[in-house]
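Submitted below is the structure of interest, expressed as structure tokens.
The values are calculated or read from the model by the stated rules, or taken from the named source; none is laboratory data. Bear in mind the structure is a predicted one, so any value in this text is a computation, not a measurement. A quick note on method: Cβ atoms are made from the backbone with ideal geometry, for glycine too, and the neighbour counts reach across all protein chains shown. We work out accessible area using only protein heavy atoms, side chains counted, and drop any ligands, DNA or RNA first. Shrake-Rupley method; radii C 1.70, N 1.55, O 1.52, S 1.80 Å.
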Amino acid sequence: MKWAALIAWVITAGGGFVLLSIWLMRGGMRQQQEAGNRIRPPLILSHFLLAAGGLVVWVIYLVADKDVLAWIAFAILAVVAVLGWTMFAIWWRRRQRAAVAQAVGPGTPAEQHFPVAVVAGHGVLAVTTVVLVFLAAIGVGD
């Protein structure tokens, strides 16, 4: 179970890196000063950094085999999940409004350029990762 969690986490991170790259290329860092409901730099960067830090803790857990590290990684992942759901909600609400307006202009938030398939895949893999990490932490598959 713990190795499946690692694989899921790495693949999820890959999707997240694609989304972060798109966000950065589309001017996401400049959204700090712009008005409106957007994914702000502190939100997306904390999501990224905590996810990467949790992955490092998970790798250390795999090497050291200390159960406390699995629970620390799970706690970090829970915070990452909350941040991720927050960003998804912002993205989804704005996307629904954009669908009604049928317009993408210069004021369009960077995250509205995310491919739906990548967002969906990242979300499904993220939920899978949380479940696998939890199952490994409680000892399933040992």
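Taking residue 31 and the conditions (1) of a type outside the set (Ser, Thr, Tyr); (2) under 30 Å from residue 141 (Cβ atoms); (3) in contact with a Lys or Arg (Cβ under 7 Å, 6 or more places away or on another chain), which numbered condition does it fall short on, given that it satisfies the others?
(2)
Let me ask something else. In the range 19-39, what count of residues is obtained for those that are open to solvent by 60 Å² or more (accessible area, probe 1.4 Å), basic (Lys, Arg) and in contact with a helix residue (DSSP H, G or I) (Cβ under 7 Å, 6 or more places away or on another chain)?
Total meeting the criteria: 1.
From the set of residues in the range 40-52 that are open to solvent by 50 Å² or more (accessible area, probe 1.4 Å) and in contact with a Gly (Cβ under 9 Å, 6 or more places away or on another chain), which is modelled with the highest pLDDT? Working first, answer last.
Pass one, the range 40-52, residues open to solvent by 50 Å² or more (accessible area, probe 1.4 Å): 40, 42, 45, 48-50.
Add one more test, that the residue is in contact with a Gly (Cβ under 9 Å, 6 or more places away or on another chain), and what stays is 40, 48.
Numbers: 40: 92, 48: 97.
Ranking the candidates gives 48 first.
Return the residues of the range 110-142 that are outside any helix (DSSP H, G or I) and modelled with pLDDT of 85 or more; say none if nothing qualifies. Even if it seems obvious, please write down each step before you answer.
Taking the range 110-142 and keeping what is outside any helix (DSSP H, G or I), we get 114-115, 138-142.
Residues satisfying the conditions are 114, 115, 138, 139, 140.
I would also like to ask the following. Taking the residues in the range 89-109 that are modelled with pLDDT under 90 and open to solvent by less than 50 Å² (accessible area, probe 1.4 Å) as candidates, determine which candidate is farthest from residue 70 (Cα to Cα).
Across the range 89-109, the extreme among qualifying residues is 105.
Could you tell me whether any residue of the range 62-84 is surrounded by 15 or more Cβ atoms within 10 Å (Cβ to Cβ), modelled with pLDDT of 95 or more, of a type outside the set (A, V, I, L, M) and within 15 Å of residue 46 (Cα to Cα)?
Within the range 62-84, one or more residues are surrounded by 15 or more Cβ atoms within 10 Å (Cβ to Cβ), modelled with pLDDT of 95 or more, of a type outside the set (A, V, I, L, M) and within 15 Å of residue 46 (Cα to Cα).
Taking only the range 6-18 into account, find how many residues are out of contact with any Ser or Thr (no Cβ under 6 Å at 6 or more places or on another chain) and either within 16 Å of residue 136 (Cβ to Cβ) or open to solvent by 50 Å² or more (accessible area, probe 1.4 Å) (or both). Outline the logic, then answer.
Quick first cut of the range 6-18, residues out of contact with any Ser or Thr (no Cβ under 6 Å at 6 or more places or on another chain) only: 6-7, 10-11, 13-18.
The next check asks that each one be either within 16 Å of residue 136 (Cβ to Cβ) or open to solvent by 50 Å² or more (accessible area, probe 1.4 Å) (or both); those that pass are 6-7, 10-11, 17-18.
Qualifying residue count, the range 6-18: 6.
Testing residue 29 on (1) part of a loop (DSSP other than H, G, I, E, B); (2) more than 15 Å from the chain's Cα centre (by Cα), one condition comes back false. Which one is that?
Of everything listed in (1) part of a loop (DSSP other than H, G, I, E, B); (2) more than 15 Å from the chain's Cα centre (by Cα), residue 29 misses just condition (1).
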